[in-house]
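Q: Below: one structure in structure tokens.
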Amino acid sequence: MVEVRSVSKYFGALQAVDQASLGVRAGEVLCLVGDNGAGKSTLIKVITGFHRPDEGEILVGGESYSSLTTLQARQLGIEAVYQDLALCDTLSASANVMLGQEPVRLKIGPVKFIDERQSAKRAGELIARVGAAVPDLQAKVARLSGGQRQAVAIARALVQAHRLVILDEPTAALGVAQTHASLALIRNVAQQGVGVVMISHSLEDVFRVADRIVVLRLGAVVLDTPASATNRREIVSAITGMDETVGAI
């Protein structure tokens, strides 16, 4: 679905990403792990068009791009859900899902009138699609639980994302039950044929949901392996660069 080849990104003299290559298949959950400062966020921001790479290429559906803009990435079906979720707390769950993508029932010059009924229906379909339970779609997002807020953010991403959804630390602020629910949402998204990249510091969550694990260290990909072919010790070793690691992450 989406691939980056030999991508590098510099910020002045600092090389944040070093000749990194990875690809995400349809219906696959790829977990991107690494220590703080490993280049994970920079790499996903290259994919979403927030950063322009200094070297390398991005392939989307087999077509090569030297860089993407954020608008191009969205039009190509690539969306990201960042850790803060970027939800509007004063709007309903339904309004947040469809924000900026509402169906229009009437347009007079520059003025557009939203089709509220169709908008709410579409929002409900998207939330159901990821297998989430949000009992009242008209409730303000500020009143929802952390897991429900996560579901709203993922459903909103799916309005556009037919190729790839990127999730940045989706379980970081959630309790145990909500974490299990969010990981189930992620698997449900992948089952729709959408590629998923999840950044996480929790190896427990990674091994629960990943089809493949990619480790970044100092901006470079040092391990790319099926989750079933590795273990916690190997991943920790790749993250730290040490052959033997005492303790766990």
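The values are calculated or read from the model by the stated rules, or taken from the named source; none is laboratory data. Note that this is a predicted model, so its numbers are computed, not measured. Here the Cβ is made from the backbone with ideal geometry for all residues, glycine too, and neighbour counts use every protein chain on show. The protein model used for the area step is the full one, side chains on, heavy atoms only, and it has no ligands, DNA or RNA in it. Shrake-Rupley method; radii C 1.70, N 1.55, O 1.52, S 1.80 Å.
Q: Calculate what fraction, in whole %, of the accessible area of the chain sits on carbon and sulfur atoms when a 1.4 Å probe is rolled over the protein chains.
A: Details: 5910 of 11750 Å².
Carbon plus sulfur share of accessible area: 50 percent.
Q: According to a simple spin-label model (label point 7 Å from Cα along Cα-to-Cβ), what is the distance in nm between Ser66 and Glu125?
A: 4.0
Q: Would you work out which of Ala210, Cys88, Ala13 lies farthest towards the positive end of the dipole of the chain? Charges go on Cβ: Lys and Arg +1, Asp and Glu -1.
A: Positive-end residue among those listed: Cys88.
Q: Shape call for the stretch 20-85 from the C-alpha gyration tensor, a ≥ b ≥ c root eigenvalues: rounded (a/c under 1.5), prolate (a/b greater than b/c) or oblate? Could the numbers behind the result be given before it?
A: On the way: a/c = 1.31, a/b = 1.24, b/c = 1.06.
Here the stretch 20-85 falls in the rounded category.
Q: For His180, His51, give me the order by solvent-accessible area with a 1.4 Å probe, most accessible first, ignoring ligands, DNA and RNA.
A: Details: His180 90, His51 35 Å².
Largest to smallest exposure gives the sequence His180, His51.
Q: If you add up the charges near Ile166, with Lys and Arg at +1 and Asp and Glu at -1, over every other residue whose beta carbon is less than 10 angstrom from its beta carbon, what do you get?
A: Values: positive: Lys45; negative: Glu79, Asp168.
Summing Lys and Arg as +1 and Asp and Glu as -1 gives -1.
Q: Run lengths n ≥ 4 of DSSP H only: what is the helix-derived mean residue ellipticity at 222 nm for the chain, with -39500 (n - 2.57) per run over all residues, to the nearest 500?
A: -9000 deg cm²/dmol
Q: List the residues whose amide H sits under 5 Å from the amide H of Ala220, counting only those 5 or more places along or on another chain, with H placed 1.01 Å from N in the peptide plane.
A: Sorted by chain and number, the residues that satisfy this are Asp18.
Q: Binning at 10 Å from 0, report for the stretch 153-249 what percent of all alpha-carbon pair distances ends up in each bin.
A: Percent of Cα pairs in each bin: 14, 45, 32, 9, 1.
Q: Would you mind working out the accessible area per residue for the stretch 1-160, using a 1.4 Å probe, and quoting it in Å²? The partial results should precede the final answer.
A: Working: 7850 Å² over 160 residues.
I get 49 Å² per residue for the stretch 1-160.
Q: While we're here: How charged is the neighbourhood of Ala142? Take every other residue with its Cβ under 10 Å from the Cβ of Ala142, and add Lys/Arg as +1 and Asp/Glu as -1.
A: Numbers: positive: Lys140, Arg143, Arg149; negative: Asp89.
Residues close to Ala142 contribute a combined charge of +2.
Q: Further question: Tell me, what HN-Hα J-couplings in whole Hz come from the Karplus equation 6.51 cos²θ - 1.76 cosθ + 1.60 at θ = phi - 60° for each residue of the stretch 229-234, using x for Gly and Pro?
A: Going residue by residue, I get 9, 9, 8, 4, 4, 5 Hz, with x marking Gly and Pro.
Q: May I pose another question? Cα centroid distance between the stretch 138-187 and the stretch 61-119, in Å?
A: 16
Q: For the stretch 140-181, rounded, prolate or oblate, judged on the Cα gyration tensor with a ≥ b ≥ c (square roots of eigenvalues), a/c < 1.5 rounded, else prolate if a/b > b/c?
A: Working: a/c = 2.65, a/b = 1.43, b/c = 1.85.
Verdict is oblate for the stretch 140-181.
Q: If you don't mind, another one. If you plug each phi of the stretch 170-177 into the Karplus form 6.51 cos²θ - 1.76 cosθ + 1.60 with θ = phi - 60°, what whole-Hz ³J(HN,Hα) values come out, in order, with x for Gly and Pro?
A: x, 10, 4, 9, 9, x, 4, 5
Q: Using +1 on the beta carbon of Lys and Arg, -1 on that of Asp and Glu, and nothing else charged, what's the dipole of the stretch 1-114 about the Cα centre, debye to 20? Walk me through the intermediate numbers first.
A: Numbers: 10 positive and 12 negative charges, 93 e Å.
The dipole of the stretch 1-114 has a size of about 440 debye.
Q: Another question about this same structure. Calculate the dipole size of the chain relative to its Cα centre from +1 charges on Lys and Arg beta carbons and -1 charges on Asp and Glu beta carbons; express the result in debye to the nearest 20. Let's see the in-between values first.
A: Numbers: 25 positive and 25 negative charges, 190 e Å.
Taking the Cα centre of the chain as origin, the dipole is about 920 debye.
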